[in-house]
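Heads up: the structure comes next, in structure tokens.
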Amino acid sequence: MSALDVATIRRDFPLLEREVNGKRITYLDSASSAQKPLAVLDAMDHCYRHYYANIHRGVYTIAEEATAAYEAARRKVAGFVGAASESEIVFTRNATEGINLVAYTWARANLRAGDAIVLSHMEHHANVVPWHILAAERGVELRWIPMTDDYQLDLKDLDQLLDGARLLAVTAMSNVLGTINDIRPLADAAHAHDALLLVDACQYVPHVATDVQAWDADFASFSAHKMCGPSGIGALWARRELLEEMPPFLGGGEMIRDVRLDGFSTNDVPWKFEAGTMPIAEAIGFGAAVDYMTSLGMPAVRDHEMRLTRYALDALAERFPESLTIYGPRDTSVRGGAISFLFDGIHAHDISQVLDEDAVCVRAGHHCAKPLMRQLGVPATTRASVYVYNDEADVDVLVEALAKAQKFFTP
Ligand SMILES: Cc1ncc(COP(=O)(O)O)c(C=O)c1O
């Protein structure tokens, strides 16, 4: 029995009715991007049809309505992750932009040659490349937390790694392995060394009830599109005093209080970091996605995913005991629903192409985690990932489609 009523939930997602190659879609790529419920589509449609106008500028009715809806969305996002106030939520384009914002503002204002940043081997490129760019520019040292054999962070040398570090930047949930990292002890360790903690929360927030204050983190970045919201909008949460101190990111309209020929002063937070016309309808869609996830109940979402991941791990291991290698923890209490695997020596891209004939959508490739792929010693994996609209029948379809692929590729 599942904690979620998946049959009812599926009816909220028009795309899941779609057929490909004469078969109904089995969507197992939500770790990449989730599908959108009617509530989100309707909220955005309603904005464009009834009260769309630019925000924070107009004094006419629909501009005020659009501004109120945009700011209401910020309050919803703040509540969803346990922010102390909505002024701690900066709307961004996505999780990647949120991490870059920290790299280009806080880090460039505070880090000097010889300072260190600690990352882990399981980071997405979004939490690697901005730091490589900074390291090359500033002579900052990057240090790496390795992994244990059971795909957890290997923390035995953490104190040494944090010695002289200014920032620890880690993912709360790996998009490849599914591993969930226990954030609070990492925050405590970072703070004991006077370093700040940035959490890549992109895979975590959509799947597990999140409380950034209980984490005692300093920054957390995430995207709407992975939690049933639209693409083009994400959020950076940061402690207010940090946002106050940080220099602005992009310059332009809206982020200023005053502009003169000889300079400018910045707007209050969070608007100081929101230059130009923001994705207004997308922010409103993000707020609707928060409402939708809240209506399902995040504990129920997590419970459902743990059960379904258990079912999938067992079904795959039972059906393909010899031919399938899964990369990620077996214990569902420390992992999410992204399941990466190698199958019978068949290239991941070939598998996903054959699965597409059965309308099974999975991801193949390096999943924007090339350092991790190198640690695993594989060029690519196939990744199936489950969400609120998936059930055991979807896993069964995947298993049967894999069996077909195996037949196809076995001479
Ligand atoms: C762990 C993790 N971090 C960051 C990102 C980047 O997210 P976005 O592409 O929405 O910026 C992703 C996307 O897959 C991710 O899985």
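Can you confirm whether segment 233-256 contains a residue that is away from the ligand (no atom under 16 Å from the Cβ), in contact with a Leu (Cβ under 7 Å, 6 or more places away or on another chain) and open to solvent by less than 30 Å² (accessible area, probe 1.4 Å)?
No, segment 233-256 contains no residue that is away from the ligand (no atom under 16 Å from the Cβ), in contact with a Leu (Cβ under 7 Å, 6 or more places away or on another chain) and open to solvent by less than 30 Å² (accessible area, probe 1.4 Å).
Mind listing just one residue for me: the one in segment 97-106 that is within 11 Å of the ligand (Cβ to nearest atom) and open to solvent by 10 Å² or more (accessible area, probe 1.4 Å) and, of those, nearest to ASP154 (Cα to Cα)?
The qualifying residue nearest to ASP154 (Cα to Cα) is ASN100.
Can you tell me which residue is surrounded by the most Cβ atoms within 10 Å (Cβ to Cβ) among those in segment 23-38 that are farther than 19 Å from TYR204 by Cα and aliphatic (A, V, I, L, M)?
Among those that are farther than 19 Å from TYR204 by Cα and aliphatic (A, V, I, L, M), it is ILE25.
List, please: which pairs have Cβ atoms under 7 Å, are six or more places apart or on different chains, and start with a residue in segment 25-36 that is farther than 16 Å from VAL301 by Cβ and within 15 Å of the ligand (Cβ to nearest atom) and end with one that is open to solvent by 20 Å² or more (accessible area, probe 1.4 Å) and polar (S, T, N, Q)?
If the second residue must be open to solvent by 20 Å² or more (accessible area, probe 1.4 Å) and polar (S, T, N, Q), the pairs left are SER33/SER231.
I'm checking my understanding of the structure. Among residues of segment 213-223 that are surrounded by 24 or more Cβ atoms within 10 Å (Cβ to Cβ) and not in a loop (DSSP other than H, G, I, E, B), which one is farthest from the ligand (Cβ to nearest atom)?
Filtering segment 213-223 for residues that are surrounded by 24 or more Cβ atoms within 10 Å (Cβ to Cβ) and not in a loop (DSSP other than H, G, I, E, B), the one farthest from the ligand (Cβ to nearest atom) comes out as PHE219.
Right, ALA109: crowded, with 21+ Cβ neighbours inside 10 Å and in a helix (DSSP H, G or I) or not?
Criteria not met by ALA109.
Taking only segment 145-197 into account, find how many residues are more than 16 Å from the ligand (Cβ to nearest atom), assigned to a loop (DSSP other than H, G, I, E, B) and open to solvent by less than 40 Å² (accessible area, probe 1.4 Å).
2
Is one or more of the residues making up segment 353-363 touching a residue at least 12 places away in the same chain (Cβ under 8 Å) and polar (S, T, N, Q)? Step through it out loud before you land on a result.
Going residue by residue through segment 353-363, those that are touching a residue at least 12 places away in the same chain (Cβ under 8 Å) are 354-363.
Applying the additional criterion that residues be polar (S, T, N, Q) yields none.
Within segment 353-363, not a single residue is touching a residue at least 12 places away in the same chain (Cβ under 8 Å) and polar (S, T, N, Q).
Of (1) more than 16 Å from the ligand (Cβ to nearest atom); (2) open to solvent by 50 Å² or more (accessible area, probe 1.4 Å); (3) modelled with pLDDT of 95 or more, PHE409 satisfies all except one. Which?
(3)
Do we have any residue at all in segment 299-308 that's open to solvent by 50 Å² or more (accessible area, probe 1.4 Å) and without any contact (Cβ under 8 Å) to a residue 12 or more places away in the chain?
Step one: filter segment 299-308 for residues open to solvent by 50 Å² or more (accessible area, probe 1.4 Å), giving 299, 303, 306-307.
After this cut, where a residue has to be without any contact (Cβ under 8 Å) to a residue 12 or more places away in the chain as well, the list is none.
So far as segment 299-308 goes, no, none of its residues is open to solvent by 50 Å² or more (accessible area, probe 1.4 Å) and without any contact (Cβ under 8 Å) to a residue 12 or more places away in the chain.
Among the listed residues LEU41, LEU4, LEU16, identify the single one that is in a helix (DSSP H, G or I) and open to solvent by 10 Å² or more (accessible area, probe 1.4 Å).
LEU41
Got a number for residues in segment 120-141 being in contact with a Pro (Cβ under 9 Å, 6 or more places away or on another chain) and either more than 16 Å from the ligand (Cβ to nearest atom) or open to solvent by less than 10 Å² (accessible area, probe 1.4 Å) (or both)?
Final tally of qualifying residues: 4.
Just to be sure before I move on: is THR210 assigned to a loop (DSSP other than H, G, I, E, B), at pLDDT 95 or above, under 18 Å from the mean Cα position of the chain (by Cα) and hydroxyl-bearing (Ser, Thr, Tyr) in the structure I sent?
yes
For segment 44-96, which positions are away from the ligand (no atom under 16 Å from the Cβ), open to solvent by less than 10 Å² (accessible area, probe 1.4 Å) and in contact with an Asp or Glu (Cβ under 7 Å, 6 or more places away or on another chain)?
Result: ARG74, ALA78.
The values are calculated or read from the model by the stated rules, or taken from the named source; none is laboratory data. What you are looking at is a predicted structure, and each value in this text was computed from that prediction instead of being measured. Cβ sites come from the backbone with ideal geometry, for glycine too, and all protein chains shown count toward neighbours. Just the protein is used for accessible areas: all its heavy atoms, side chains included, with ligands, DNA and RNA removed. Shrake-Rupley method; radii C 1.70, N 1.55, O 1.52, S 1.80 Å.
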